[in-house]
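S.K.: Would you mind keeping the following structure in view while I ask a few things?
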Amino acid sequence: MEITNSIALVTGSARRIGRAISLELARRGARLAIHYRSSEAEAVETLSMVRALGSDGEIFHADLADDSARDAMVEAIRSRFGTVHILVNNASEFAPGTLEASTPEMWDKQMDANARAPFFLARSCATMMLDSGRGKILNIADPAGEKIWTGYLSYSVSKAALLGVTQGLAKELAPGIQVNAVAPGPVYFPDSYTPEQKQTAIERTLLKRAGSAEDVVRAVVFLIENDYITGEVLHVDGGRHVL
């Protein structure tokens with residue numbers, strides 16, 4: 001698939017990995033639908049950076065866990081750009097929670113953001129992709145979805161569900177649309193992490209160092225441009241998933 005002249009929707013693209021993915025796609029000639037939930041100022045900044053690269057873009061606000069808000073965003077994108085060729089489900093909800101500390105509200109919030117919203121957003125965008133004759137869906141997963149982290153139970157289970165969503169969509173949407181996932185390791189740390197927590201995360205990789213946003217971006221671009229990979233999880237985690 002050619003990224004040039006494609007319409008790309010990247011959720012959670014106001015900052016961090018989402019912004020880095022958006023900027024690289026813009027650099028390669030895509031037009032960007034920049035989604036944000038609460039980081040409006042950062043989304044405006046991302047849009048400015050996209051346009052500085054010579055690309056076209058627009059920002060779209062939605063709480064993706066809200067069905068009506070999500071559907072309204074998809075219709076606004078369709079009205080602005082006509083279609084979507086690339087969907088990157090990057091927006092995520094991350095919070096610690098042991099078995100004892102987990103609440104139904106915590107469970108629902110993370111499942112809605114990390115699995116339910118990507119599923120239904122992919123379903124909406126897939127219709128446009130099939131009508132246009134091409135499409136790629138990328139889900140930003142996590143090694144925690146394969147080896148559940150104690151202390152992050154609801155988050156880990158929600159990311160495990162996202163891996164199931166990835167495989168299920170790959171089967172349902174083949175052969176017209178390829179669906180894959182990228183599972184980053186320690187790249188951007190949560191704002192709440194202490195230096196000790198950051199070092200612990202690094203020590204849990206084989207390479208004993210943090211990765212970069214560029215490492216993740218290159219993996220995303222690879223999966224978009226390769227048309228013979230689907231249902232795959234590409235780990236960009238310094239080997240953490242094998243430990």
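S.K.: Once you charge only the Cβ atoms, +1 for Lys and Arg and -1 for Asp and Glu, what is the size of the charge dipole of segment 26-77 about its Cα centre, to the nearest 20 debye?
M.R.: Working: 6 positive and 10 negative charges, 88 e Å.
Rounded to the nearest 20 debye, it is 420 debye.
S.K.: Looking at the P(r) of segment 7-242, how many percent of alpha-carbon pairs lie beyond 29 Å? Show your work: numbers first, answer last.
M.R.: Details: 6342 of 27730 pairs.
Cα-Cα pairs of segment 7-242 separated by over 29 Å account for 23 percent.
S.K.: OK, next. Any chance you could count the Lys pairs in the chain whose alpha carbons are under 18 Å apart, treating pairs 8 or more apart or on different chains as valid?
M.R.: Working: 109/159; 136/171; 147/159; 198/208.
Summing the qualifying lysine pairs gives 4.
S.K.: How large is the convex hull of the C-alpha atoms of segment 110-229 per residue, in Å³? The partial results should precede the final answer.
M.R.: Working: hull volume 14.0 nm³, N = 120.
It comes to 117 Å³ per residue, whole-number rounded.
S.K.: Still on this structure: Normalized C-alpha radius of gyration of segment 109-157, against 2.2 N^0.38 Å?
M.R.: Compared with the compact-globule rule of thumb, segment 109-157 sits at 1.44.
S.K.: Continuing with this model, one more query. Provide the FRET efficiency to the nearest 0.05 for the residue 134-residue 15 pair, computing r from the beta carbons and using R0 = 30 Å.
M.R.: Values: r = 29 Å, r/R0 = 0.95.
Efficiency, rounded to the nearest 0.05: 0.55.
S.K.: Let's see if you can work this out: charge +1 on each Lys and Arg Cβ, -1 on each Asp and Glu Cβ, no other charges. What is the dipole magnitude of segment 126-232 about its Cα centre, in debye to the nearest 20? Please report the intermediate quantities before stating the final value.
M.R.: Working: 10 positive and 12 negative charges, 38 e Å.
I would put it at about 180 debye.
S.K.: Moving on to the next point. Checking the a/c ratio against 1.5 first, then a/b against b/c, what shape does the Cα gyration tensor give for segment 1-117? The partial results should precede the final answer.
M.R.: Working: a/c = 2.31, a/b = 1.87, b/c = 1.24.
It comes out prolate by the Cα gyration axes.
S.K.: Among 69, 90, 149, flag the residue with its Cα farthest along the positive direction of the charge dipole of segment 7-242, charges on Cβ as +1 for Lys/Arg and -1 for Asp/Glu.
M.R.: 90
Where a number appears in this text, it was derived from the coordinates with a stated rule and is not lab data. Please read these numbers as outputs of a predicted model, since none were measured by experiment. FYI the Cβ positions are ideal-geometry reconstructions off the backbone, even for glycines, and counts take in every protein chain you see.
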